Amino acid sequence: MSLTLIKNAQIVNEGTILEGDVLLDGEYIVDIDTSISLKSSDTIVIDAEGKYLIPGAIDDQVHFREPGLTQKATIATESKAAVAGGITSFIEMPNTVPQATTQKLLEDKFEIASKSSYANYSFMFGGTNNNLEELLKTDPKNVAGIKLFLGSSTGDMLVDNQEVLEKIFSSTKMLIAVHCEDEATIKSNLETYLKEYGDDIPIEMHPKIRSEEACYLSSSKAIELAKKTGARLHVFHLSTAKETALFSNKIPLEKKQITAEVCVHHLTFDDSHYKTKGTLIKWNPAVKTEKDKEGLWKALLDDRIDVIATDHAPHTLEEKQQVYTKAPSGGPLVQHALPAMLKACRQGKISIEKVVEKMCHNPAKIFKIEKRGFIKKGYYADLVLVDIASPWTVKKDNILYKCGWSPFEGTTFYSKITHTFVNGNLMYNNGKFNDTIKGKRLLFNRTNE
């Protein structure tokens, strides 16, 4: 393979920005220095003057809808959008059709991705009330983790049997990732609003139905159970300021047994946006108040929250435009998550070093992903070049999701991803894709799990 030399970049890695060069040989980074000379006449040189070079982002929570829901999305379409958005690795959730709740069905998804994914990939194994034996067969070196839904987001994947939960938490050393919303609280709230409005409940009531109480009750129970059993717990998509008090910044990330994630939409939108965005910003858990949004930002910046992700979950526009009870929750985000966070950098809310920490370094640390998430010699060359002075507006014709819409439509971003390398291959170059090469299965450094 030919060498690739990225010159004159602002290299963002491990809390510092270094102006310099990075040399790629095949899949790997082989040199990083303030100045690297050409190694051979056929070295490909990319002048990154004025651009940031960051590690490829790792999205620890996506729903790419394949198999079974491919009218909404496919692994191919959404991984392509992810790569255009600077995300080079993803971890996909088990609530496809059929659900990934057996080892065979899980491997079927890996097989699909091996043939179609532009990005590197892994999948979560789905826990249910009755598949503990199958769950315990999961190979910790080859699979990202176990996913449990502690709220009714996905119908029959709800794990609501306390005895089963305790068994799962105490039987596996693998990371357990949870969706936390209390089912009984949501049902009771929904009943109240159905009586008042019928099916056409105003979207503004969504955060009252899927309330702060529903989230806190579920998160606190999961954390209590993790502490009791010693389980390795990762709480997905925090949406309330109240929940942030459940997490600690007193110890380094590597020593934490309980970690937390926040999603881009909960950092961007609040309940004032329902008026203009409607069901396009209907997510579970719900986008809540401005005070909640501020609380999430505070916890992100002081390291009680460890990861920024997307919970990318596309539906067709026709589905989203139905009345409240029929409009599904979730929306597409992988193409626009990093640009949204870079806009927050421009607004002074967060530094680019912190964005890289939360979107690249920390997911790699939490999941113990092998040789990814950093710009280091010997690591896979998953790299993203960003022009921070290149405004563009999200429009129908530049949205890459199969569903064809975005909650960010009409938004102007100020940073543009110009190049994305996946395993040393230039997968995305100023709007053009390399369709001939696929991403790789993520592997995990877990020796005693």
Worksheet item: Taking the Cβ-Cβ separation of Lys376 and Lys349 as r and a Förster radius of 30 Å, what is the calculated FRET efficiency to the nearest 0.05?
Response: 0.60
Response to the item:
Between Ser35 and Thr276, the FRET efficiency computed from the C-beta separation at R0 = 56 Å comes out, to the nearest 0.05, as 0.70
Worksheet item: Using Cα pairs under 8 angstrom and six or more residues apart, how large is the relative contact order of the chain, in percent?
Response: 21 percent
Worksheet item: Of Thr436, Thr74, Thr88, which has the largest mean-square fluctuation in a 10 Å C-alpha GNM of the chain?
Response: Thr436
Response to the item:
Too long for a 29 Å Cα-Cα cut-off, among Lys80/Lys242; Lys109/Lys432; Lys104/Lys242, are Lys80/Lys242; Lys104/Lys242
Practice prompt. Go through Lys39/Lys368; Lys227/Lys288; Lys293/Lys376; Lys173/Lys221 and tell me which ones have a Cα-Cα distance over 23 Å in this structure.
Written response: Lys39/Lys368; Lys227/Lys288; Lys293/Lys376
Practice prompt. Just tell me which aspartates and glutamates come within less than 12 Å, Cα to Cα, of Lys275; anything on the same chain fewer than 8 places away is out.
Written response: Glu204
Practice prompt. Using only protein heavy atoms and a 1.4 Å probe, report how much of Cys360 is accessible, in Å² to the nearest 10.
Written response: 0 Å²
Discussion item. For the chain, I need the span (max minus min coordinate) of the C-alpha atoms along each principal axis, in Å, sorted largest to smallest.
Written reply: 72, 48, 42
Response to the item:
Here the gain from full extension of Gln257 to Lys187, 0.36 nm per residue of separation minus their alpha-carbon distance, amounts to 22.1 nm
Fill in: Efficiency of FRET from Cβ geometry, Asn430 and Thr16, R₀ 25 Å, rounded to 0.05
0.35
Worksheet item: Which of the residue pairs Lys72/Lys320; Lys250/Lys349; Lys51/Lys395; Lys147/Lys416; Lys354/Lys402; Lys402/Lys438 have a Cα-Cα distance greater than 21 Å in the structure shown?
Response: Lys250/Lys349; Lys51/Lys395; Lys147/Lys416; Lys354/Lys402
Item to complete: Report, to the nearest whole %, how much of the accessible area of the chain belongs to carbon and sulfur atoms, 1.4 Å probe, protein only.
Response: 49 percent
Item to complete: Kindly provide the helix-only [θ] at 222 nm of the chain, computed as the sum of -39,500 (n - 2.57) over DSSP H runs of four or more divided by all residues, to the nearest 500 deg cm²/dmol?
Response: -7500 deg cm²/dmol
Response to the item:
Per residue, the convex hull enclosing the alpha carbons of the stretch 86-156 has a volume in Å³ of 99 Å³
Worksheet item: Ordered by residue, what ³J(HN,Hα) values in Hz, to whole numbers, does the stretch 25-35 give under the Karplus form 6.51 cos²θ - 1.76 cosθ + 1.60, where θ = phi - 60° and Gly and Pro are x?
Response: 10, x, 7, 10, 7, 10, 7, 9, 7, 5, 8
Item to complete: Can you spot the aspartates and glutamates whose alpha carbon is less than 13 Å from Lys141's alpha carbon? Ignore those fewer than 8 places along the same chain.
Response: Glu370, Glu449
Item to complete: With a probe of 1.4 Å, find how much accessible area the chain has per residue, and write the answer as a whole number in Å².
Response: 38 Å²
Response to the item:
For Lys221 and Tyr197, extending 7 Å from Cα along the Cα-Cβ vector and measuring point to point gives, in nm, a value of 2.5 nm
Worksheet item: Relative to the Cα centre, what is the charge dipole magnitude of the chain, using +1 at the beta carbon of each Lys and Arg, -1 at the beta carbon of each Asp and Glu, and rounding to the nearest 20 debye?
Response: 320 debye
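The values are calculated or read from the model by the stated rules, or taken from the named source; none is laboratory data. Everything quoted here is computed from the prediction, not taken from an experiment. All Cβ positions, glycine included, derive from the backbone under ideal geometry; neighbour counts span all protein chains shown. Side chains are part of the model used for accessible areas, which takes the heavy atoms of the whole protein and leaves out ligands, DNA and RNA. Shrake-Rupley method; radii C 1.70, N 1.55, O 1.52, S 1.80 Å.
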